[in-house]
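Working notes for the structure below.
The values are calculated or read from the model by the stated rules, or taken from the named source; none is laboratory data. Remember, predicted model here, so these are calculated numbers, not experimental data. Counting neighbours? That spans all protein chains shown, and the Cβs are built from the backbone with ideal geometry, glycine included.
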Amino acid sequence: MSDVNYISGKEPHEKEYRLIFKNVDREGWDTSIDRYLQEGGYEMLKKSLGMEPKAVIAEVKTSGLRGRGGAGFPTGVKWGFIPPTNTKPVYLICNGDESEPGTFKDRYILHQDPHQLIEGMAISSFAVGAHIAYIYIREEFPEAAIILEKAIAEAHEKGFLGQNIQGSGFDLEIYVHRGAAAYICGEETGLIESLEGKRPYPRIKPPFFPAAMGLYMCPTIVNNVESLCHVVHILKMGGEEYVKLGTPRNSGTRILCVSGDVKNSGYFEVEVGKVTFRELLYDMCGGPKDGREFKAVIPGGSSSKILRCNESFKIGRGDDAKDLEFWDLPLDFDTLAAAGSMAGSGGVIVMDDSRKMSWVLNNITHFYAHESCGQCTPCREGSTWMRKISDRLANGTATPDDVDTLEEVAYQIDGKTICAFGEASAWPVEAMIDKYRDELIADTSEENRFRSEERVEQEKFLSKS
Amino acid sequence: MPKAQNIFRDDVKRLRPKLTVLEKNIASPVTPGSRFFPPFEITQELENKAASRIGQYPSEESRSAVLPLLHEVQHKFGFISLESIDWVAKRLNIEPIKVVEVVTFYPGFRQKAPGRLHVRVCRTLSCAMGGSHNLMDKLCAITGIDRAEADGHKDPISVSPCGNFSVEYAECLASCGTAPVCLVNDDFHEGITADKAADLLESYENA
């Protein structure tokens, strides 16, 4: 018994370009295979089975698809890393651990369009030569796990999975593997360890690149849910046609998830780089709440660096360089990287002028201190120190020196850990101090401390979470 | 070198009757919620489910089934008890410590009985901005839960005296656009501001 009404018939915004989310919130859509087949479902799987696997990989390379999980690594290139002399079995893993705060796109694909994902996985498995594929889904999606297992059984029945799929001689089994509420399982080598039944301590790269030494030390491809769904559309449109969507080097569409202090939060599928912050937050999300002004935006999940709404940036190099205001920045991988942040997983968190930055920082450091896996000392100890210092900043017992100490701790984590979690925990702190140092220091002065009742509230929260 | 023999709890007890470190740290203390969950028991149904989960992985890699098996146990018995750890270890032919390390790492596995209705409130940024701390306070006030002893790392779950309810802060439930959100057992609820807390619990009255 759940009160989620997933299929609500909400109309997409006119600036959207729906590819992956075509069926999300669509009137009369359901998760059954019959409904999916009515709209030409699994046709692309049939088409790909008639192609050479290499041709499928070439098509994905041509499309320029960049992984939608956070790092933005080209998917086709990743597939090409499997050693050509390999004789071991190859595995494909769908990363459905969606745990980056601010991101909620995979939830809707998994709950509303499971067959799109299964078709994408089947095509991708065929391309890389995998006969067993796993969907690693986070524990917090119990309903989605049931929906997926039902969808897999349906696909089996219709002959799209199992032995000798559609008479092509290609075999594939897909299994659902549930995680257990650990953020670090979103890191691909951590995910692999978790799938092997261990603590998800990420592996060191090199030598443990999953494409060569992944699950059970066999070549393994780990792709995000959204990336795998894009594969279906790349085959449908052809790589040449797909690359025309979006902007050069940032092809295709991507789903932006907006949350926080806006009038209408939600998800918007747009061509990459075709929408600026102004269009996204004012036109699509309806602007700030009444009587408020936008203050800051976290553009790609909580580990990306925060951007101030009144900043301007120098984008591009040499003669092409131009100054852009924050509001005119397009949301693509390269521009946001040039602005000192990242497009990450597409989770846009918006804060208005009612938010105290010390409180926001405190919430973020609590998250990373809780989720650090504890394998590397700088991250394990550092994330806890950052939490403790930010506790003091938030409840008004910090000294001005604490801001410097906090910054120092953050820079001691950055770049000194096995996986990218170190950066993920340090970047938000570094950026927050960089952009809001004055406000944080002002919070430490006697007159700016929280009023007593606010402080009591804060302390209650700090002791509990 | 002789192959290390699996040491199960019975053997440990026999060898060192006063060894309680493991029990102190791992054993699930009884909570008021315990009466809603059956004691751990190896049933045919559980064995069948275990066999089908183990079948998902290559035969020499059955350790992969640790998480799925623990999920089956937790779903039926409410939490992971010492007996169930032994069972999972025996079933997969691995040392119990390899199961213990998994149980103690993942926040998704509980080591004590929750209430009949276990509410997980999202604490992360977007939900916190949407008012999830107020929601938590309200839930505690309605159900009479005291969270003074709660600790996000070591003991995140607080159970009400009647055993009907328990609460816990969760990290990002991935629905930031509809904050604040929470999970009640396996059901997901979005847009639950503090004023809707009573209605939410009431809707489960006959469940």
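Regarding A:Gly346, is this residue within 13 Å of chain B (Cβ to nearest Cβ), closer than 25 Å to A:Ala410 by Cα and touching a Cys at 6+ places or on another chain (Cβ under 7 Å)? Yes, satisfied.
Residue count for the stretch A:151-202, restricted to those that are part of a helix (DSSP H, G or I) and under 21 Å from B:Val103 (Cβ atoms): 10. Taking the criterion of being within 10 Å of chain A (Cβ to nearest Cβ) and among the aromatic types (Phe, Trp, Tyr), the residues of the stretch B:164-197 that qualify are B:Tyr169, B:Phe188.
Sort out which residues of the stretch A:236-251 are in a loop (DSSP other than H, G, I, E, B) and on the phi > 0 side of the Ramachandran plot, and write them in order of number. Scanning the stretch A:236-251 gives A:Gly238, A:Arg249. Residues in the stretch A:247-259: is at least one without any contact (Cβ under 8 Å) to a residue 60 or more places away in the chain and within 14 Å of chain B (Cβ to nearest Cβ)? The answer is no; no qualifying residue exists. Would you mind stating whether A:Ile152 is of a type outside the set (D, E, K, R) and touching a Ser or Thr at 6+ places or on another chain (Cβ under 9 Å)? Against the criterion (of a type outside the set (D, E, K, R) and touching a Ser or Thr at 6+ places or on another chain (Cβ under 9 Å)), A:Ile152 does not qualify. Do we have any residue at all in the stretch A:38-58 that's out of contact with any Phe, Trp or Tyr (no Cβ under 8 Å at 6 or more places or on another chain), of a type in the set (Lys, Arg) and closer than 27 Å to A:Ser304 by Cβ? No; the residues of the stretch A:38-58 include none that is out of contact with any Phe, Trp or Tyr (no Cβ under 8 Å at 6 or more places or on another chain), of a type in the set (Lys, Arg) and closer than 27 Å to A:Ser304 by Cβ. Suppose we keep only residues that are touching a helix residue (DSSP H, G or I) at 6+ places or on another chain (Cβ under 6 Å) and within 12 Å of chain A (Cβ to nearest Cβ) within the stretch B:39-62. Which one would you say is surrounded by the most Cβ atoms within 10 Å (Cβ to Cβ)? That would be B:Tyr57.
Among A:Tyr91, A:Tyr36, which is within 14 Å of chain B (Cβ to nearest Cβ) and not in a loop (DSSP other than H, G, I, E, B)?
Just one listed residue meets the conditions, A:Tyr91.
If you filter the stretch B:94-105 down to residues that are closer than 19 Å to A:Ala181 by Cβ and buried (at least 21 other Cβ atoms within 10 Å of the Cβ), you find that the one that is nearest to the other protein chains (Cβ to nearest Cβ) is B:Val102.
For A:Gly273, the test of being on the phi > 0 side of the Ramachandran plot, part of a loop (DSSP other than H, G, I, E, B) and not assigned by TED's automatic domain parsing to the domain that holds A:Lys435 is passed.
A quick yes/no check of all residues on (1) hydroxyl-bearing (Ser, Thr, Tyr); (2) at pLDDT below 95:
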{"residue": "A:Gly67", "(1), (2)": "no, yes"}
{"residue": "A:Gly70", "(1), (2)": "no, yes"}
{"residue": "A:Pro84", "(1), (2)": "no, yes"}
{"residue": "A:Tyr91", "(1), (2)": "yes, no"}
{"residue": "A:Cys94", "(1), (2)": "no, no"}
{"residue": "A:Pro114", "(1), (2)": "no, no"}
{"residue": "A:Val128", "(1), (2)": "no, no"}
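Okay, residues lined up against (1) surrounded by 24 or more Cβ atoms within 10 Å (Cβ to Cβ); (2) in contact with a Leu (Cβ under 7 Å, 6 or more places away or on another chain):
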{"position": "A:Gln166", "(1), (2)": "no, yes"}
{"position": "A:Phe170", "(1), (2)": "no, yes"}
{"position": "A:Tyr175", "(1), (2)": "no, no"}
{"position": "A:Arg178", "(1), (2)": "no, yes"}
{"position": "A:Ile184", "(1), (2)": "yes, no"}
{"position": "A:Ile192", "(1), (2)": "yes, yes"}
{"position": "A:Leu195", "(1), (2)": "yes, yes"}
{"position": "A:Lys205", "(1), (2)": "no, no"}
{"position": "A:Phe208", "(1), (2)": "no, no"}
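The residues on offer are A:Asp25, A:Asp30, and the sole one that is under 30 Å from B:Ser203 (Cα atoms), modelled with pLDDT under 90 and of a type outside the set (A, V, I, L, M) is A:Asp25.
Which one of these is over 16 Å from the mean Cα position of the chain (by Cα) and aromatic (Phe, Trp, Tyr): B:Phe188, B:Phe109?
Answer to the selection: B:Phe188.
Taking the stretch A:343-371 as the range and being small (Gly, Ala, Ser), surrounded by 22 or more Cβ atoms within 10 Å (Cβ to Cβ) and not in a helix (DSSP H, G or I) as the test, the residues that pass are A:Ala343, A:Gly344, A:Ser345, A:Gly346, A:Gly347.
Out of all the residues in the stretch A:241-257, is one or more crowded, with 20+ Cβ neighbours inside 10 Å, more than 19 Å from A:Asp334 (Cβ to Cβ) and either touching a helix residue (DSSP H, G or I) at 6+ places or on another chain (Cβ under 8 Å) or modelled with pLDDT under 95 (or both)? Yes: one or more hits. Which ones in the stretch A:260-271 are in contact with a Gly (Cβ under 6 Å, 6 or more places away or on another chain) and at the interface with another protein chain (Cβ under 7 Å from one of its Cβ atoms)? The answer is A:Ser265, A:Gly266.
Which one of these is part of a loop (DSSP other than H, G, I, E, B), more than 12 Å from chain B (Cβ to nearest Cβ) and of a type outside the set (A, V, I, L, M): A:Gly374, A:Gly340? Sole residue among the options that is part of a loop (DSSP other than H, G, I, E, B), more than 12 Å from chain B (Cβ to nearest Cβ) and of a type outside the set (A, V, I, L, M): A:Gly340.
For the stretch A:96-111, enumerate the residues that are assigned to a loop (DSSP other than H, G, I, E, B) and at the interface with chain B (Cβ under 9 Å from one of its Cβ atoms).
Passing the criteria: A:Glu98, A:Ser99, A:Glu100, A:Pro101, A:Gly102, A:Thr103, A:Phe104.
Going residue by residue through the stretch B:155-162, is there one that turns out to be over 30 Å from A:Ala133 (Cβ atoms), crowded, with 20+ Cβ neighbours inside 10 Å and away from chain A (no Cβ under 13 Å)? The answer is yes, given that some residue of the stretch B:155-162 is over 30 Å from A:Ala133 (Cβ atoms), crowded, with 20+ Cβ neighbours inside 10 Å and away from chain A (no Cβ under 13 Å).
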